[in-house]
Amino acid sequence: MKIGAKYAARKANDDDNMVPLINVVFLMLVFFMVAGQIRKADPIPVIPPHSINDTRASTDPNIEIVVSTDNRLYVDDVLFAVEDVQGYLEHAFSDAVDPDDFWVQIKADGGISLDSLRPIFNQVRLAGLTKVSLATQLEREAK
């Protein structure tokens, strides 16, 4: 009878060895959930054009305009018509805490022609904004 009792006690202790492993796996899960969400995703998939200029802005834009190849336009993740952009930008600029540091970034797919972007740049200009950038990706040298 003592052998059976000893075996039952050992069986219960084997489960206790799983607790640290479960804790480690849980902590890794939480870490990767947090670390994986560092940058917000665009509302539509966009591949910016290539550039040889490696200068990047040190701060995030106040407003981000995303344009897809089928000319869908998102301003701060909300679908917009081109004609409505000026009013939104004017309102956001008037509410800005620091108007001198207020800037807009246009993130357009590399397959879009410049003529398709002209109305968007025109809306930004009509809103009175002068700090505008076009998002690009750095051209990688072929080896």
(Q) Looking at the structure I just gave you, is Ile120 at pLDDT 90 or above, assigned to a helix (DSSP H, G or I), under 19 Å from Val46 (Cβ atoms) and of a type in the set (Val, Ile, Thr)? (A) yes
Q: Being open to solvent by 40 Å² or more (accessible area, probe 1.4 Å), within 18 Å of Pro61 (Cα to Cα) and of a type outside the set (Ser, Thr, Tyr) narrows it down to one of Gln123, Gln86, so name that one.
A: Gln86
Q. Which strands (runs of 3 or more DSSP E) does segment 65-111 wholly contain that include 3 or more residues that are touching a Cys at 6+ places or on another chain (Cβ under 6 Å)?
A. none
Q | Boolean, Pro48 is closer than 23 Å to Leu138 by Cβ, at pLDDT 70 or above and open to solvent by less than 100 Å² (accessible area, probe 1.4 Å) | A | yes
Q. Do the conditions hold for Pro61, that is, is it open to solvent by less than 100 Å² (accessible area, probe 1.4 Å), at pLDDT 80 or above and not in a helix (DSSP H, G or I)?
A. yes
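The values are calculated or read from the model by the stated rules, or taken from the named source; none is laboratory data. This structure is a prediction, so every number in the text was calculated from the model and none was measured. Every residue, glycine among them, receives a Cβ derived from its backbone with ideal geometry; neighbour counts consider all protein chains shown. Side chains included, ligands, DNA and RNA excluded: accessible areas come from the protein's heavy atoms. Shrake-Rupley method; radii C 1.70, N 1.55, O 1.52, S 1.80 Å.
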